[in-house]
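Q: I have a structure I would like to understand better, so I am pasting it below and will then ask my questions one at a time.
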Amino acid sequence: MAQGATAGPASPSLLRLLLLWSGVVYLACCRTPASAQPPVPCQAPVQWEGRTVRYDHNTGKNTRALVSYDGPTQRLRVLEERKGLIPCKKFFEYIYLYEDEVMFQIEQVTKLCSKMALTEPWDPYDIPDNSTYEDQYYIGGPSDQIVVQEWSDRKRARKFETWVGVYTMKDCYPVQETYTKNYSMTTSTRFFDLKLGISDPSVFTPPSTCQAALPKRMGDEC
């Protein structure tokens, strides 16, 4: 517009064009994209079999095991794996029946059995709905990697985390869980070779030797 000229009223078509352009600019620049929405916990499988390595930070020991996990009926079976000959070392099978509030410990060679009350509540392998999102990253490297998310029970300005769980992004399989107590790490568990379902439900049935079970936990040394 030349200097000193007087502007006339805008035409209806020009006003419509300006309104349309304003809407496009808003959608492109000002609206929050769907990808910016806060992550929500995925739903982990409720029945699976696999292998775990549990590291006790207090003793420095690793325990390898075959695990059968049945979330709907709150059952867990842990069969310790033998990795080489360890003199004077006992290996056990553990059957946790949380609905019955009882745990069986079975020595793998003699089948000697102990039966004890479960005092802690069922703690499923999943991401609680009130968990705090921590991070998302790749495990592995170029051409050989998976995406995982990290969650915790940390509450901002209220409490530090006592649990950190890492789960795959695609199918929500557990990768690692770490528990802390009194501000120090107590156990870390890694999960691998997981398969959906329970191939043999009888693994949750204690052997007949448990009918005359001992009332206390057995030690793992000779």
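The values are calculated or read from the model by the stated rules, or taken from the named source; none is laboratory data. No experiment lies behind these values; they were computed from the predicted model shown. Cβ atoms come from the backbone with ideal geometry, glycine included; neighbour counts cover every protein chain shown. What goes into the accessible areas is simple: the full protein's heavy atoms, side chains included, and nothing from ligands, DNA or RNA. Shrake-Rupley method; radii C 1.70, N 1.55, O 1.52, S 1.80 Å.
Q: So, in the range 107-134, how many residues would count as being outside any strand (DSSP E or B), in contact (Cβ under 8 Å) with a residue 24 or more places away in the chain and open to solvent by 80 Å² or more (accessible area, probe 1.4 Å)?
A: 3
Q: Let me ask something else about it. Inside the range 150-180, can you point out the residues that are farther than 13 Å from Gln136 by Cβ, outside any strand (DSSP E or B) and free of Cβ contacts under 8 Å to residues at least 40 places away in the same chain?
A: Asp153, Arg154, Arg156, Ala157, Arg158, Phe160, Glu161, Thr162
Q: Looking at the range 164-183, which of its residues are open to solvent by 20 Å² or more (accessible area, probe 1.4 Å) and not polar (S, T, N, Q)?
A: Listed by number, the residues that qualify are Val164, Met169, Lys170, Asp171, Tyr173, Val175, Tyr179, Lys181, Tyr183.
Q: Checking Thr186 against (1) at pLDDT 95 or above; (2) open to solvent by less than 60 Å² (accessible area, probe 1.4 Å); (3) of a type outside the set (A, V, I, L, M, F, W, C); (4) in contact with an Asp or Glu (Cβ under 8 Å, 6 or more places away or on another chain), which test does it fail?
A: Only one criterion in (1) at pLDDT 95 or above; (2) open to solvent by less than 60 Å² (accessible area, probe 1.4 Å); (3) of a type outside the set (A, V, I, L, M, F, W, C); (4) in contact with an Asp or Glu (Cβ under 8 Å, 6 or more places away or on another chain) is unmet by Thr186, namely (1).
Q: I'd like to check which strands (runs of 3 or more DSSP E) are fully inside the range 53-101 and have at least 2 residues that are open to solvent by 60 Å² or more (accessible area, probe 1.4 Å) and free of Cβ contacts under 8 Å to residues at least 12 places away in the same chain. Spell out the reasoning first.
A: Working: elements: 61-70, 75-80, 92-97.
Filter on the range 53-101 gives 61-70.
Q: Identify, by number, the condition in (1) surrounded by fewer than 16 Cβ atoms within 10 Å (Cβ to Cβ); (2) outside any helix (DSSP H, G or I); (3) more than 14 Å from the chain's Cα centre (by Cα) that Thr209 doesn't meet.
A: (2)
Q: Looking only at the range 135-162, filter to residues that are charged (D, E, K, R), under 19 Å from Thr178 (Cβ atoms) and open to solvent by 60 Å² or more (accessible area, probe 1.4 Å); which one of those is modelled with the highest pLDDT? Even if it seems obvious, please write down each step before you answer.
A: Initial filter on the range 135-162 (charged (D, E, K, R)): 135, 144, 150, 153-156, 158-159, 161.
In the following step, the residues that additionally are under 19 Å from Thr178 (Cβ atoms) were identified as 135, 150, 153-155, 159, 161.
From what is left, the residues that are open to solvent by 60 Å² or more (accessible area, probe 1.4 Å) are 135, 159, 161.
Values: Asp135: 97, Lys159: 77, Glu161: 87.
Across the range 135-162, the extreme among qualifying residues is Asp135.
Q: Limited to the range 77-90, what total is found for residues that are hydrophobic (A, V, I, L, M, F, W, C) and modelled with pLDDT of 95 or more? Talk me through it step by step, then tell me what you get.
A: So the first thing to find is which residues in the range 77-90 are hydrophobic (A, V, I, L, M, F, W, C), and the list is 78-79, 85-86, 88.
So of that shortlist, the ones also modelled with pLDDT of 95 or more come out as 78-79.
Final tally of qualifying residues: 2.
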